[in-house]
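Asker: Attaching a single structure in structure tokens format; questions to follow.
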Amino acid sequence: MREVYQEQLGKLAEELASMSSMVGRAMERATTALLETDLSLAEQVIDEDLHVDEARARAEEHAFGLLALQAPVAGDLRTVISTIHAAEDLERMGDLALHVAKTARRRHPQPVLPEDVRPYFAEMGKLAVKLAGRVRTVIQTQDVDAARGLEEDDDEMDDLHRHLFTVMMSPDWSHGVAAAVDVTLLGRFYERFADHGVSVARRVVFIVTGK
């Protein structure tokens with residue numbers, strides 16, 4: 001009976017790891033759609049967001065089932081409760097990739113990004129995908145040091161986010177208010193994507209250490 005229970009806990013981790021891969025791919029494709037004005041890729045991200053929502057629902061259903069049927073305590077209870085919260089964070093990461101894709105679709109066939117901020121978003125996109133991959137690894141390995149290391153990626157994303165405002169506040173900014181609003185919102189989407197990834201990593205630390 002205990003072996004079956006542990007298998008069920010392991011399945012929760014697998015579901016979260018799978019969600020990490022899904023949101024990483026979504027942000028990678030959304031970034032490409034944004035940078036290359038690729039409508040079909042933006043539509044793909046939008047259509048596939050439903051899969052992320054369904055994955056969260058499955059993870060929560062399994063977690064609540066364990067709470068109801070197994071009445072876990074101590075470390076097992078931390079795992080189940082943290083899984084519910086982590087699934088929410090990962091679903092939000094998918095939503096943020098969705099927002100990027102919708103912005104690309106809304107402005108199509110015109111490019112969303114002025115040329116002078118494109119390198120920032122290319123870098124933010126790479127960093128977001130890297131972070132999602134590291135979240136997956138942390139979930140699978142429960143490596144506390146690796147989990148804490150995600151803070152560095154988040155700091156790098158915050159730096160890029162701040163630099164965007166430097167560009168927009170410059171007297172040389174000549175792209176108008178609408179472009180500034182788009183850049184501001186998009187920068188926020190990437191920054192929040194990283195924040196949610198760090199939140200998942202912190203939940204893994206809590207599962208392992210109780211702190």
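The values are calculated or read from the model by the stated rules, or taken from the named source; none is laboratory data. None of the values given here were measured: they were computed from a predicted structure. Don't worry about glycine lacking a Cβ; one is built from the backbone with ideal geometry, like all the others, and counts go over all protein chains shown. Heads up: the accessible areas ignore ligands, DNA and RNA and are worked out on the full protein's heavy atoms, side chains in. Shrake-Rupley method; radii C 1.70, N 1.55, O 1.52, S 1.80 Å.
Asker: In this structure, is residue 69 at pLDDT 95 or above and either open to solvent by 60 Å² or more (accessible area, probe 1.4 Å) or closer than 19 Å to residue 133 by Cα (or both)? Spell out how you get there, then give the answer.
Answerer: Working: at pLDDT 95 or above: no; either open to solvent by 60 Å² or more (accessible area, probe 1.4 Å) or closer than 19 Å to residue 133 by Cα (or both): yes.
Against the criterion (at pLDDT 95 or above and either open to solvent by 60 Å² or more (accessible area, probe 1.4 Å) or closer than 19 Å to residue 133 by Cα (or both)), residue 69 does not qualify.
Asker: Is one or more of the residues making up segment 132-141 within 26 Å of residue 108 (Cβ to Cβ) and at pLDDT 95 or above? Give the steps one after another, and end with the answer.
Answerer: Start the filter on segment 132-141 by keeping residues that are within 26 Å of residue 108 (Cβ to Cβ), which leaves 132.
Now narrow it down to the ones that are at pLDDT 95 or above: 132.
So far as segment 132-141 goes, yes, one or more of its residues are within 26 Å of residue 108 (Cβ to Cβ) and at pLDDT 95 or above.
Asker: Still on this structure, I have one more. Just wondering, is there one or more residues in segment 122-132 that are farther than 28 Å from residue 15 by Cα and open to solvent by less than 70 Å² (accessible area, probe 1.4 Å)?
Answerer: yes
Asker: Residue by residue through segment 42-79, note down the ones that are touching a residue at least 60 places away in the same chain (Cβ under 8 Å) and under 18 Å from the mean Cα position of the chain (by Cα).
Answerer: 42
Asker: Follow-up. Could you say whether any residue in segment 170-192 is open to solvent by 60 Å² or more (accessible area, probe 1.4 Å), out of contact with any strand residue (DSSP E or B) (no Cβ under 6 Å at 6 or more places or on another chain) and under 17 Å from residue 89 (Cβ atoms)?
Answerer: yes
Asker: Only one residue in 104, 147 is under 17 Å from the mean Cα position of the chain (by Cα) and modelled with pLDDT of 95 or more. Which one? First the steps, then the outcome.
Answerer: On the way: 104 fails: under 17 Å from the mean Cα position of the chain (by Cα).
Residue meeting the stated conditions: 147.
Asker: Kindly indicate whether residue 59 is in a helix (DSSP H, G or I), touching a Ser or Thr at 6+ places or on another chain (Cβ under 8 Å) and buried (at least 17 other Cβ atoms within 10 Å of the Cβ). Reasoning before the result, please.
Answerer: On the way: in a helix (DSSP H, G or I): yes; touching a Ser or Thr at 6+ places or on another chain (Cβ under 8 Å): yes; buried (at least 17 other Cβ atoms within 10 Å of the Cβ): yes.
In short, yes.
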